[in-house]
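Below you'll find the structure, written out as structure tokens, and then a few comments.
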Amino acid sequence: MRAIARAQPNIALIKYWGKRDLSRNLPAVGSISITLSTLYTEMSVAFDASGSADELSVNGSADAAMLPRLSRCLDRVAGTPRAAARIESRSNFPIAAGLASSASAFAAATVAAAAALGIDRSRAELANLAGQASGSAARSLYGGFVELANAGDHVTVSPLLAAADWPQSVVVAITSSGPKPVGSGEAMEISRKTSPFYGRWVEQQPHDLEIARDAIREHDFDKLATIAEHNCLKMHSVMWASRPPVVYWNAATLECMHAIRELRAGGVQVFFTIDAGPQVKAICPVAEEDSVRAMLTEVPGVTQVIVSRLGEGASVVGRE
Ligand code: DP6
């Protein structure tokens, strides 16, 4: 009754920010993302009827803070009461720093738990279960370009375009590896309750989604670049105008944004996006990867640059 699943983080190009139903963790808006290839979380889940409580280790050390949320995630997959679980998580990138580690972690945990129990669930069901643990995790069940849409009391997640059909590179500039000041779930609620821009954000999202969907369908990089940067800056404007303000950027975050825009003004196809953290993700065609990486490495305050291509959705990689 042990299974190991691997899931890659995804990066939203049209962002999820805000919840319409807290108890089921349903998002207030749809979103569009790309799933990465080289960064991943591997989650091993073993159910043991003789165990007394769930145990979790993250990269080899016990992690009490993350355990309750993971336990609830396993409850949803297995039903309750259930046998205690031994959960081991390993990620090959910095966790809790705005690199979508919760997306890959909960997607992998959901898939591993279902496999360990021998439960046969569709990818759509697994996506909904993962999304109840962390909204963005639902998207990591699928590869390439992925859209998440609200549908009544659940979400529908569907692939828009396969990774191989429009290859892109994602160059991540790490500007700080510390944990974030406030988690995204809590920050979303602060924005929903206090930001004067929140209502407009929700209202305009279908329009941004439509433009991005068309851009992806048409392989129109410039169209996607323009709408993705706009959507990202709009989300951060909602955060900045919240009370208390939610500011994830540091000086290097801003330097990276300027550098990317300058590169684009010079004719290189590249755009940025930033999530609930200070890291900057530059998206570019594979042919531009080297020049974008070289440029971001030179930006003062950038401590590490990680490159990924687009990859596949979560999958089972081992079973015992
Ligand atoms: C800024 O999926 O981490 O990355 O559902 O509360 O776990 P919870 O939120 P989470 O939020 C991600 C927010 C974002 C944008 C995005 O990925 O769409």
Matching entry among 170, 238, 246, 268 (being buried (at least 18 other Cβ atoms within 10 Å of the Cβ) and in contact with a Cys (Cβ under 9 Å, 6 or more places away or on another chain)): 170
Anything in segment 175-187 that is under 21 Å from residue 280 (Cβ atoms), of a type outside the set (Ser, Thr, Tyr) and in a helix (DSSP H, G or I)? List them, or say none. 187
Failed item in (1) at pLDDT 95 or above; (2) part of a loop (DSSP other than H, G, I, E, B), with residue 277 passing the rest: (1)
With segment 1-90 as the region, which strands (runs of 3 or more DSSP E) entirely inside it contain at least 3 residues that are more than 16 Å from the ligand (Cβ to nearest atom)? 2-7, 41-48, 55-58
Yes or no: residue 306 modelled with pLDDT under 95 and not charged (D, E, K, R)? yes
Can we say residue 111 is more than 24 Å from residue 47 (Cβ to Cβ), crowded, with 24+ Cβ neighbours inside 10 Å and at pLDDT 95 or above? no
Determine which single condition residue 104 fails, assuming it passes every other condition in (1) part of a helix (DSSP H, G or I); (2) surrounded by fewer than 23 Cβ atoms within 10 Å (Cβ to Cβ); (3) in contact (Cβ under 8 Å) with a residue 24 or more places away in the chain. (2)
Looking at segment 161-177, I want the residues that are without any contact (Cβ under 8 Å) to a residue 40 or more places away in the chain and have a partner that is assigned to a loop (DSSP other than H, G, I, E, B) with Cβ atoms under 6 Å, at least 6 apart or on another chain. Which pairs are those? 162/144
Is there any pair with a first residue in segment 197-226 that is under 17 Å from residue 160 (Cβ atoms) and a second that is aromatic (Phe, Trp, Tyr) and not in a helix (DSSP H, G or I) whose Cβ atoms are under 6 Å apart and which are 6 or more apart or on different chains, and what are they? 216/145; 219/166; 225/271
Consider segment 294-320. How many of its residues are under 29 Å from residue 251 (Cβ atoms), assigned to a loop (DSSP other than H, G, I, E, B) and either of a type outside the set (Ser, Thr, Tyr) or free of Cβ contacts under 8 Å to residues at least 12 places away in the same chain (or both)? 5
Hey, could you check segment 149-160 for residues that are without any contact (Cβ under 8 Å) to a residue 60 or more places away in the chain and surrounded by fewer than 16 Cβ atoms within 10 Å (Cβ to Cβ) and say which is farthest from the ligand (Cβ to nearest atom)? 152
Return the residues of segment 185-218 that are among the basic types (Lys, Arg), more than 12 Å from the ligand (Cβ to nearest atom) and surrounded by 12 or more Cβ atoms within 10 Å (Cβ to Cβ); say none if nothing qualifies. 200, 213, 217
Identify, please: which residue in segment 133-148 is outside any helix (DSSP H, G or I) and within 13 Å of the ligand (Cβ to nearest atom) and is, among those, surrounded by the most Cβ atoms within 10 Å (Cβ to Cβ)? 148
Could you figure out which of (1) modelled with pLDDT of 95 or more; (2) outside any helix (DSSP H, G or I); (3) over 16 Å from residue 283 (Cβ atoms) isn't true of residue 129? (2)
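The values are calculated or read from the model by the stated rules, or taken from the named source; none is laboratory data. On a predicted model such as this, the values are computed, not experimentally measured, just so you know. Using ideal geometry, Cβ is built from the backbone for each residue, glycine included, and neighbour counts are taken over all protein chains shown.
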